[in-house]
Structures are given as structure tokens and as C-alpha cells.
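Everything below concerns the one structure shown next.
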Amino acid sequence: MPAIDTLCPECDARLLVAPGRPLPACAACGKPFPGLGPAPPPDAAPSTCAVCGGSGFYVQKDFNQNLGCLIFLAGAALAPWTRYLSLVAGSALDLVLYLFLPTATICYTCRSVYRGYPRNPAHGAYDPNTAWEQRPRAGPWEHKTRVPPPRRAPPGAAPA
Ligand SMILES: [Zn+2]
Ligand SMILES: [Zn+2]
């Protein structure tokens, strides 16, 4: 079942919006969502963000980065007692999780996560330049999604 997973820009309360549903007021602080809504139908690939109206999205594996780190650290911690096989096992487990996890589409501007929606072929992996172009310049997400400006190497310089 697709859903938009987002945070209230006022109080950071989590909000899940079902397909086709309008954006409700925040259950925690009562502020209406400034978004456009409604959430796209379940078979529609995201193209305009229902939450902030942004049009920049990236896709990534819906993978809990903390879990990946934890698996790696556990493998590293056990390495001296397992002849380092735990490192290999941890990496393999990470890889298997990665391969079988679904992708999610994420709005560059408000960082809402679109889970279970079809992937829009126009959307690629996270790109720092696009993130900078699509950063919120005003409105409720301005102070939420701080995007570091991309490092532009001077012409002719080797990339850092
Ligand atoms: Zn709220
Ligand atoms: Zn958005």
C-alpha cells in the first residue's frame, strides 16, 4: 500500500498520507499542512510533490542506514573471534538486504518519502547539484532541509 511519509514542518510529528487522500491537519500541533494535496493515486508515479509542490525527486533504496551501520559494526566487533568471517557475513547480509529492499522516491525540497509508488523513470539517484537547485528558499521547509552547497571544483582541478 503506497503512502507518503512526511514530517510536520511545524513540530516534526510524523504523518502518513494514503493515496488519493488530502493532506490532513497535523494531529500533534493542529496546524494545517501547507501542502497542495491530495496524495497521488497508488498507480501514479510521483511527479509533483503533494506536500510542498516541488518537482525534484530522487530515488534510493528504502534502507535504514543505521541498521546497515549496526550490521557492519557488529561484524567488525566480532571479527577477531571469527577469523574475520563476521565481516564478510555482515557485508553479505547488507548486500542481500539492499538487493531485496524496495526503492522509495524522495522529494528534494521537503524530504517527504513516497513509499510503494511506481518509480518515475525521470528520477535518478540523489544529486547534490539538484538538491541545491531544489532546496526550499522560503516557506515552512526552509529551516528544515539545509542543503550544503555543492563543492564546485575549479576548472581543470582534480575532483576532491
Ligand atoms: Zn505539527
Ligand atoms: Zn515535497
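The values are calculated or read from the model by the stated rules, or taken from the named source; none is laboratory data. Everything numeric in this text was worked out from a predicted model, so none of it was measured. As a convention, Cβ positions derive from the backbone with ideal geometry for all residues, glycine included, and neighbour counts pool all protein chains shown.
If you check V59, V88 for being loosely packed, with under 15 Cβ neighbours inside 10 Å and either in a helix (DSSP H, G or I) or not aromatic (F, W, Y) (or both), only one passes: V88.
Every condition in (1) assigned to a loop (DSSP other than H, G, I, E, B); (2) over 29 Å from P121 (Cβ atoms); (3) not acidic (D, E) is met by C69 except one, and the failing one is (1).
Contact list please: Cβ distance under 6 Å, first residue in the range 9-35 and outside any loop (DSSP other than H, G, I, E, B), second residue polar (S, T, N, Q), pairs at least six apart or on different chains. From the range 9-35, the pairs are L15/T6. Among the residues of the range 36-58, those that are touching a residue at least 24 places away in the same chain (Cβ under 8 Å) and more than 14 Å from ligand 2 (Cβ to nearest atom) comprise P42, D43, A44, A45.
Conditions (1) aromatic (F, W, Y); (2) modelled with pLDDT under 85; (3) not assigned by TED's automatic domain parsing to the domain that holds E10, marked per residue:
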| site | (1), (2), (3) |
| --- | --- |
| Y108 | yes, no, no |
| P121 | no, no, no |
| E133 | no, no, no |
| R146 | no, yes, no |
